[in-house]
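The values are calculated or read from the model by the stated rules, or taken from the named source; none is laboratory data. Computed from a prediction, not measured in an experiment: that's the story for all the values here. Don't worry about glycine lacking a Cβ; one is built from the backbone with ideal geometry, like all the others, and counts go over all protein chains shown.
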Amino acid sequence: GNSVTQMEGPVTLSEEAFLTINCTYTATGYPSLFWYVQYPGEGLQLLLKATKADDKGSNKGFEATYRKETTSFHLEKGSVQVSDSAVYFCALSVPGGGADGLTFGKGTHLIIQP
Amino acid sequence: EAQVTQNPRYLITVTGKKLTVTCSQNMNHEYMSWYRQDPGLGLRQIYYSMNVEVTDKGDVPEGYKVSRKEKRNFPLILESPSPNQTSLYFCASSFREGGYEQYFGPGTRLTVT
């Protein structure tokens, strides 16, 4: 079956620090990969995605590169802000691989201190 | 505005009292899904629907029912809620299954006493 493993938190950083949240996956077929973000009291929002190997997704200063050889999709940001404090979920979905929805990691709680 | 709406947002109920959580999307999406979010477990899929009158079980379907009589609506039904169904529930929709971005509703926090 499909699975996603991501570092669990909380991860606490100071403002302007460099951020990396690791994500690795196992999947049958060729998955699309996603990072979702959940701000306090809200639903999940798509942060970025990549649909094939070596694609780089980017949004709001965040980036992640689809690495098929290492089955990874690590999330990075060069300089985090307090407003980036949230829970981040790595997820995958297999196009045409049946009717499965998203398979999520357990989420990483990120806390940015001023 | 493209969105997924859920109602109610908060619900406290007692064991065994049937309840329905509604979900509606205005994006003409074919695919809809329900997830529950629990601490330490992340999000797990309960049921999904690929189109009208087509539904199937996800990873944790026990104790839940769904229906898809119209494309825009996908209600979640708990016929006899139990305390282990206390959770945060999210409805989501996407253009199609597999590989497409899913749009999430704001969540329904359910407490069963």
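Among the residues of segment B:79-102, write down those that are crowded, with 21+ Cβ neighbours inside 10 Å and of a type outside the set (S, T, N, Q). Passing the criteria: B:Pro81, B:Tyr89, B:Phe90, B:Cys91, B:Ala92, B:Glu97, B:Gly99. The single condition among (1) at the interface with chain A (Cβ under 10 Å from one of its Cβ atoms); (2) in contact with a Lys or Arg (Cβ under 6 Å, 6 or more places away or on another chain); (3) crowded, with 18+ Cβ neighbours inside 10 Å that B:Asp59 does not satisfy is (3).
The set of residues in segment A:8-51 being closer than 19 Å to B:Glu101 by Cβ and of a type in the set (A, V, I, L, M) consists of A:Ala27, A:Leu33, A:Val37, A:Leu44, A:Leu46, A:Leu47, A:Leu48, A:Ala50.
Filtering segment B:1-57 to residues that are within 15 Å of B:Cys91 (Cβ to Cβ) and basic (Lys, Arg) leaves B:Arg9, B:Arg36, B:Arg44. Within 14 Å of B:Ile77 (Cα to Cα), surrounded by 13 or more Cβ atoms within 10 Å (Cβ to Cβ) and aromatic (Phe, Trp, Tyr): is that true of B:Tyr31 in this structure? For B:Tyr31, the condition - within 14 Å of B:Ile77 (Cα to Cα), surrounded by 13 or more Cβ atoms within 10 Å (Cβ to Cβ) and aromatic (Phe, Trp, Tyr) - is not met.
Being more than 8 Å from chain A (Cβ to nearest Cβ) and under 22 Å from A:Lys106 (Cβ atoms) holds for only one residue in B:Leu88, B:Leu41, B:Leu78, and it is B:Leu88.
Taken over segment A:35-70, the criterion of being in contact (Cβ under 8 Å) with a residue 24 or more places away in the chain, closer than 17 Å to A:Ala86 by Cα and surrounded by fewer than 16 Cβ atoms within 10 Å (Cβ to Cβ) is satisfied by A:Tyr39, A:Pro40. Taking segment B:66-104 as the range and being in a loop (DSSP other than H, G, I, E, B) and closer than 23 Å to A:Asn2 by Cβ as the test, the residues that pass are B:Phe74, B:Phe95, B:Arg96, B:Glu97, B:Gly98, B:Gly99, B:Tyr100, B:Glu101, B:Gln102. Against the criterion of being touching a residue at least 40 places away in the same chain (Cβ under 8 Å) and within 23 Å of A:Gly1 (Cβ to Cβ), A:Gly29 qualifies.
Between A:Leu46, A:Leu110, the distinction of being at the interface with another protein chain (Cβ under 10 Å from one of its Cβ atoms) and either of a type outside the set (Asp, Glu) or not in a loop (DSSP other than H, G, I, E, B) (or both) belongs to A:Leu46 only.
When you look at A:Ser85, is it surrounded by 20 or more Cβ atoms within 10 Å (Cβ to Cβ), closer than 30 Å to B:Leu110 by Cβ and over 12 Å from the mean Cα position of the chain (by Cα), yes or no? Answer is no for this residue. For first residues located in segment B:69-86 and closer than 27 Å to B:Tyr103 by Cβ, partners that are of a type in the set (D, E, K, R) and modelled with pLDDT of 95 or more and lie 6+ apart or on another chain with Cβ distances below 7 Å form the pairs B:Phe74/B:Arg68; B:Ile77/B:Lys65; B:Leu78/B:Lys18; B:Pro81/B:Lys17. Filtering segment B:36-65 down to residues that are at pLDDT 95 or above and either of a type in the set (Phe, Trp, Tyr) or touching a helix residue (DSSP H, G or I) at 6+ places or on another chain (Cβ under 9 Å) (or both), which residue is nearest to A:Met7 (Cα to Cα)? The residue in question is B:Arg36.
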